[in-house]
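Working notes for the structure below.
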Amino acid sequence: MDAPIKLPETVETYELYVSSKIVRALPMMESDFLATKSILLGIGKQDREGFHVIYPDEYVSWSPKEAFETANRRMTASEIAMLEAKP
């Protein structure tokens, strides 16, 4: 078996990137998202508000509300119309 990859010791050694994707999202409590995967929220763990997120490659995840709202904004009707317009 190969030796595990050793990650840099400080985050400052990582390059910075700006990421943008169009995703679909629905407000959802963490416990409700976990239930869709037949997983229970851990004992003593606080339930959190967040979003059920579906990415263009169909990857599905849950994101805490603050993190999601910091990185994303809802598309406007005109942006959706441009996206759906056929050339």
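Kindly evaluate MET1 against the criterion of being modelled with pLDDT under 90 and either part of a loop (DSSP other than H, G, I, E, B) or surrounded by 12 or more Cβ atoms within 10 Å (Cβ to Cβ) (or both).
So MET1 passes the test.
Would you pick out the residues in the stretch 45-72 that are among the acidic types (Asp, Glu) and in contact with a Pro (Cβ under 9 Å, 6 or more places away or on another chain)?
Across the stretch 45-72, the qualifying residue is only GLU49.
Determine whether ILE43 is outside any helix (DSSP H, G or I) and either exposed (fewer than 13 other Cβ atoms within 10 Å of the Cβ) or in contact with a Phe, Trp or Tyr (Cβ under 7 Å, 6 or more places away or on another chain) (or both).
Yes, satisfied.
What pairs come up if the first residue lies in the stretch 61-87 and is within 12 Å of PHE51 (Cα to Cα), the second is of a type outside the set (A, V, I, L, M, F, W, C) and assigned to a helix (DSSP H, G or I), and their beta carbons are under 8 Å apart, counting only those six or more places apart or on different chains?
Going by the 8 Å Cβ cut-off, the qualifying pairs are TRP62/GLU30; PRO64/GLU30.
Looking at the stretch 15-44 only, could you name the residues that are more than 28 Å from ARG74 (Cα to Cα) and in contact with a Pro (Cβ under 7 Å, 6 or more places away or on another chain)?
none
Limited to the stretch 46-63, what total is found for residues that are surrounded by 11 or more Cβ atoms within 10 Å (Cβ to Cβ) and in a loop (DSSP other than H, G, I, E, B)?
Result for the stretch 46-63: 4.
Taking the residues in the stretch 42-87 that are out of contact with any Ser or Thr (no Cβ under 6 Å at 6 or more places or on another chain) and β-branched (Val, Ile, Thr) as candidates, determine which candidate is farthest from VAL18 (Cα to Cα).
Of everything passing the filter in the stretch 42-87, ILE43 is farthest from VAL18 (Cα to Cα).
In the stretch 4-40, which residues are in contact with a strand residue (DSSP E or B) (Cβ under 8 Å, 6 or more places away or on another chain) and either on the phi > 0 side of the Ramachandran plot or not in a helix (DSSP H, G or I) (or both)?
VAL23, ARG24, ALA25, LEU26, PRO27, MET28, MET29
The values are calculated or read from the model by the stated rules, or taken from the named source; none is laboratory data. Note that the structure is predicted; figures quoted are calculated from it, not measured. Cβ sites come from the backbone with ideal geometry, for glycine too, and all protein chains shown count toward neighbours.
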